[in-house]
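*Asks:* This structure is in structure tokens; I'll ask about it shortly.
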Amino acid sequence: MAEIGSVCLVLALVASVYSAAAFIASEKGRYRVLAESARNGLLATCGLVSLSVVLLVAALLTHDFGIQYVVSYSSRSMSVPYLVSALWAGNDGSLLTMTWLLAVFSAVAVVRSWRRDRELVGYAAAVMAVTEAFLVLLLVSVADPFEQSVVAAAEGAGLNPLLENPAMIVHPPLLLGGYAGLTIPFAFAMSSLATGQPGIRWLTAVRGWAVAAWLFLGVGNIIGAWWAYVELGWGGYWSWDPVENAGLMPMLIITAFLHSSVAQRRTGRFYAWNLALVALAFFLAVFGTFLTRSGILSSVHTFTGTGLGGLFAGFLGAAVIAFLVMVVVRRSKLRNGTPAASMISREGTFLLTNVLFVGTTALVLLGTLFPLLSEVFAGTRIEVGESFYNRVAGPLFLVILGLVGICSFTRWQKRSVRPMFADMAAPLVVGLVAVAVLIGVGVRQAYAVTGLFVCAFAVSAVFIRWLGELRGRRNARRTGYLAAGIGLVRSAPGRYGGYMVHIGMVLIAVGVIGSSFYGSEREAVVSPGDTVVMGDYELIYEGTDRYETPDRLVVTARVAVESGGKSLGRLSPERYFHRTYKQPVSEVAIRTTLVEDLYVVLLGTDEDGTAALKVLVNPAVLWIWVGGGVLLVGGLVALWPRARHEGDMGSEDRGQ
Amino acid sequence: MAEHRSAEVGGHGVLKRKRILIGGLIVTAAIGYLGFLGIRGTAIYYYTVGEVLDQGRAVYGETVRVNGHVVPGSVVTEQAGLRMIFTIAGQEKSLEVLYQGAMPDAFREDIDIVVEGAMDSDGTFRARSILTKCPSRYEPE
């Protein structure tokens, strides 16, 4: 089985290289019949890589320990879902997964654009094929997932117990899909430059892919944060680890693009800016993959320049140079469109939002690379703590949220200061009322109050505008609110998906603000019968149970939770001692309400029944996950194709 | 609409474009300054065990990060796991670390870790947090 898999990958390499060459040749005009053949090459690549994936998954499911990857990442006791997810548990398999996702996306993109975007599809497909060929080259050379195992093993190493969580089944493929998905917009950007097509054409080809890639990355990051919160036991959900940052930065850039692409469609400007954003998102995706697989961040000395890290660095360099060359060669085509009416117009606020997103990304990148840069330029390694990112990203995200609110009242191509202030009165009042309520219940921290004011302002601005448009449509069409609502969303799914995403972001912000400023924690050593008081809660430690399952020893602490004498149930934080893994794993116990989470970690136990507990109260964390759900729904709505006969953009604009 | 637009192109347009450009630059500068303040306020020196011991008294009390290898057999837990004492080694030197709090699940003997905290005048390291690698990293071991 392994041999067939390797052969498939080699054939895929041939097919993708051929496809790239044939697309370029056919675009040059000499051999037009090559275009069909090139497309078939891309489809063949997709088929071959898919077959390799099927073979590796089959090997995992049948415990084929003749393959080293199967030995390293699976075992006989794993259930089917986790066996399948082992496909992306290790370096080689996850590269194969990303290669497969890119192959599928490329095939879909090319088929879909074959007639719609005829002028652009050729070069775009060539770029996709080149990227795919690069990834397959890695799989065939330094990252072979079908490598034979050195020693014939009867049992595999199994899954890292920390990854034994349903979230870990979904989180990696979502991020890998996001990275792969960012290739498509970049491919069309390069094609737009190469063909000299009017700047507006490539946007229609690219919009759906940009939203999809954004959605993959956004949901992937939130699931990763949720996993960190419930599995890792430190009470937080985001630590600005380089791996986390690698998944965040491309997402921020593509978010900026989602906004400025709308501005380009409306005003015809920002063509060059949009090309740059899409390229930057792609470069950051490649760079992120490079960062997390090359070991360069642990120390600059572990990076040898050969192997995986070197090849990614080389590919990134080549891609950047290729893009810059195209931009310079085509620079005459990049200036057009109407200038922004003023800063206080919608395109002005969109531009400002873009600057903020790009600025935030730049600072996150600076923080992530700082140890490397300081080691290279100053000879001594200096790191930036978590607090750097919080201090920097916090205020910037807050300003962006404020703009979400303000932007609702701006108009395209008009300087809208006076009408804006009139419209803004209602959300400002809502914000002030929220502040009054918060101060009343005891929330006094300056940053928290400011942040929550901005959140209240932004969310009410979005709702008020949405309501206004709803009312306008209902009056114009003489229908009920529900029909008007559905019709509205179907006529402009991108816009209303965007409203939902903004609301989701506000919810997430509320969760982040609450848990960042008002969390509390304490540690205690308790004997059976002791009570730990934490805020309004009394936690009564009752004792410890031990029991064994086929693959581990479980130690459970029984904790009864009360508040003011009333019982609130039980929590059972646990520690597992796996047979195959040397590290003990703690299972956190969480009691979640809308207001706060009560989070209990079992640090350890003694023979005499004494236990060490860490208790945290994290306010508002549930809002983060709820906001994530709203984000997902909003993103899916935005992907929905616009209902053609419903399209009447004029009516909403008239209501402005 | 059309009249609006043509009024903006030409002399007015250039002025507006300049104003927007300047506005953008101001915002960018503000962001840059925010970053500068952030780095100045949160920069932490990162040493290996050998390097931090070589620093001697100079680093006492200062928050630093130290990278070392957890010496097998050196891990002692006290108070049912609330406190941990272990030794990290590097460059043929070793350093005793005291830590109170939740130990990350990825912590175990014989691995490389980074501890963040301060050197005490008695030569031990009081760790405030333990940094282990994100388990989904794909780096070669």
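The values are calculated or read from the model by the stated rules, or taken from the named source; none is laboratory data. No experiment lies behind these values; they were computed from the predicted model shown. Here the Cβ positions follow ideal geometry from the backbone for every residue, glycine too, while neighbour counts run over all protein chains shown.
*Asks:* Can you work out which of the residues in region A:1-48 that are aromatic (Phe, Trp, Tyr) and assigned to a helix (DSSP H, G or I) is farthest from A:Gln68 (Cα to Cα)?
*Replies:* A:Phe23
*Asks:* Of these, A:Asp597, A:Asp608, which one is assigned to a loop (DSSP other than H, G, I, E, B) and over 30 Å from A:Gly156 (Cβ atoms)?
*Replies:* From the options A:Asp597, A:Asp608, the qualifying one is A:Asp608.
*Asks:* Something else: Restricted to region A:353-399, and to residues that are within 8 Å of chain B (Cβ to nearest Cβ) and polar (S, T, N, Q), which residue is farthest from the chain's Cα centre (by Cα)?
*Replies:* Only one residue fits best here, namely A:Thr380.
For (1) closer than 12 Å to A:Gly628 by Cβ; (2) more than 14 Å from the chain's Cα centre (by Cα), each residue gets a yes or a no:
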position	(1), (2)
A:Pro185	no, yes
A:Ile200	no, yes
A:Ala210	no, no
A:Gly218	yes, no
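*Asks:* Please verify whether A:Ser94 is hydroxyl-bearing (Ser, Thr, Tyr) and closer than 30 Å to A:Leu34 by Cβ, treating the condition exactly as stated.
*Replies:* No, not satisfied.
Residue by residue, here is whether (1) crowded, with 18+ Cβ neighbours inside 10 Å; (2) without any contact (Cβ under 8 Å) to a residue 12 or more places away in the chain; (3) under 14 Å from A:Gly405 (Cβ atoms); (4) touching a Gly at 6+ places or on another chain (Cβ under 6 Å) holds:
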{"residue": "A:Ala422", "(1), (2), (3), (4)": "no, yes, no, no"}
{"residue": "A:Leu428", "(1), (2), (3), (4)": "no, no, yes, no"}
{"residue": "A:Val435", "(1), (2), (3), (4)": "no, no, no, no"}
{"residue": "A:Leu438", "(1), (2), (3), (4)": "no, no, no, no"}
{"residue": "A:Gly442", "(1), (2), (3), (4)": "no, yes, no, no"}
{"residue": "A:Ala446", "(1), (2), (3), (4)": "no, yes, no, no"}
{"residue": "A:Thr450", "(1), (2), (3), (4)": "no, no, yes, no"}
{"residue": "A:Cys455", "(1), (2), (3), (4)": "yes, no, yes, no"}
{"residue": "A:Ser460", "(1), (2), (3), (4)": "yes, no, yes, no"}
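*Asks:* Listed residues A:Phe350, A:Phe312, A:Phe357; which is crowded, with 18+ Cβ neighbours inside 10 Å, at pLDDT 80 or above and either in contact with a His (Cβ under 7 Å, 6 or more places away or on another chain) or among the acidic types (Asp, Glu) (or both)?
*Replies:* Result of the check over A:Phe350, A:Phe312, A:Phe357: A:Phe350.
*Asks:* How many residues are at pLDDT 85 or above, over 22 Å from A:Asn160 (Cβ atoms) and either hydrophobic (A, V, I, L, M, F, W, C) or out of contact with any helix residue (DSSP H, G or I) (no Cβ under 9 Å at 6 or more places or on another chain) (or both) when one looks only at region B:86-114?
*Replies:* 8
*Asks:* For the structure I just gave you, tell me whether A:Arg415 is touching a Ser or Thr at 6+ places or on another chain (Cβ under 9 Å) and under 30 Å from B:Gly50 (Cα atoms).
*Replies:* No; evaluated as a whole, the condition is false for this residue.
*Asks:* Got at least one residue in region B:97-109 being away from every other protein chain (no Cβ under 14 Å) and part of a loop (DSSP other than H, G, I, E, B)?
*Replies:* no
*Asks:* Please determine whether any residue of region A:215-226 is among the β-branched types (Val, Ile, Thr) and touching a Phe, Trp or Tyr at 6+ places or on another chain (Cβ under 6 Å).
*Replies:* Within region A:215-226 (the criterion being among the β-branched types (Val, Ile, Thr) and touching a Phe, Trp or Tyr at 6+ places or on another chain (Cβ under 6 Å)), the answer is no, since none of the residues qualifies.
Yes/no per residue for (1) in contact with a Ser or Thr (Cβ under 9 Å, 6 or more places away or on another chain); (2) of a type in the set (D, E, K, R); (3) away from chain B (no Cβ under 11 Å):
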position	(1), (2), (3)
A:Pro573	yes, no, no
A:Ser586	no, no, no
A:Val595	no, no, yes
A:Val601	yes, no, no
A:Gly609	yes, no, no
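*Asks:* Filter region A:429-445 for residues that are among the β-branched types (Val, Ile, Thr) and assigned to a loop (DSSP other than H, G, I, E, B) and give the result.
*Replies:* Taking region A:429-445 and keeping what is among the β-branched types (Val, Ile, Thr), we get A:429-430, A:433, A:435, A:437, A:439, A:441, A:443.
Matches in region A:429-445: A:Val443 only.
*Asks:* When you scan region A:565-581, do you find a residue that is farther than 27 Å from B:Ile111 by Cα and in contact (Cβ under 8 Å) with a residue 40 or more places away in the chain, even just one?
*Replies:* No, every residue in region A:565-581 fails to be farther than 27 Å from B:Ile111 by Cα and in contact (Cβ under 8 Å) with a residue 40 or more places away in the chain.
*Asks:* Within the group A:Ala152, A:Ala129, which residue is over 29 Å from the mean Cα position of the chain (by Cα) and over 30 Å from A:Pro584 (Cβ atoms)?
*Replies:* A:Ala152
*Asks:* For the list (1) at pLDDT 85 or above; (2) of a type in the set (Phe, Trp, Tyr); (3) touching a Leu at 6+ places or on another chain (Cβ under 8 Å); (4) over 29 Å from A:Thr267 (Cβ atoms), I need the number of the one condition that A:Tyr496 fails.
*Replies:* It is condition (4) that A:Tyr496 fails.
*Asks:* Report, by residue number, each residue of region A:1-46 that is within 19 Å of A:Ala194 (Cβ to Cβ), out of contact with any helix residue (DSSP H, G or I) (no Cβ under 7 Å at 6 or more places or on another chain) and crowded, with 17+ Cβ neighbours inside 10 Å.
*Replies:* A:Ala21
*Asks:* While we're here: Report yes if some residue within region A:230-237 is among the hydrophobic types (A, V, I, L, M, F, W, C) and modelled with pLDDT of 95 or more; otherwise report no.
*Replies:* no
*Asks:* Scan A:Ser516, A:Ser520, A:Ser491 and give me the residue that is buried (at least 17 other Cβ atoms within 10 Å of the Cβ) and within 30 Å of A:Ala612 (Cβ to Cβ).
*Replies:* A:Ser516
*Asks:* Keeping to region B:56-87, report how many residues are within 11 Å of chain A (Cβ to nearest Cβ) and either free of Cβ contacts under 8 Å to residues at least 24 places away in the same chain or touching a Cys at 6+ places or on another chain (Cβ under 9 Å) (or both).
*Replies:* Total meeting the criteria: 8.
*Asks:* I'd like to verify a number: residues in region A:129-176 that are buried (at least 22 other Cβ atoms within 10 Å of the Cβ), outside the structural domain of A:Ala89 (by TED's automatic domain parsing) and within 27 Å of A:Glu3 (Cα to Cα), how many?
*Replies:* 2
*Asks:* Being in contact with a Lys or Arg (Cβ under 9 Å, 6 or more places away or on another chain), of a type outside the set (Val, Ile, Thr), at pLDDT 85 or above and closer than 25 Å to A:Val384 by Cα is the requirement here; does B:Tyr60 meet it?
*Replies:* No, not satisfied.
*Asks:* Among all residue pairs at least 6 apart or on different chains, which show Cβ distances below 8 Å where the first residue, located in region A:200-217, is more than 20 Å from A:Ala272 (Cβ to Cβ) and at pLDDT below 95 and the second is among the hydrophobic types (A, V, I, L, M, F, W, C) and surrounded by fewer than 24 Cβ atoms within 10 Å (Cβ to Cβ)?
*Replies:* Note: pairs meeting the criteria are A:Gly208/A:Leu639.
*Asks:* Given B:Arg83, B:Arg40, B:Arg19, which one is touching a Phe, Trp or Tyr at 6+ places or on another chain (Cβ under 9 Å) and charged (D, E, K, R)? Lay out the reasoning, then the answer.
*Replies:* Values: B:Arg40 fails: touching a Phe, Trp or Tyr at 6+ places or on another chain (Cβ under 9 Å); B:Arg19 fails: touching a Phe, Trp or Tyr at 6+ places or on another chain (Cβ under 9 Å).
Criteria check complete, one pass: B:Arg83.
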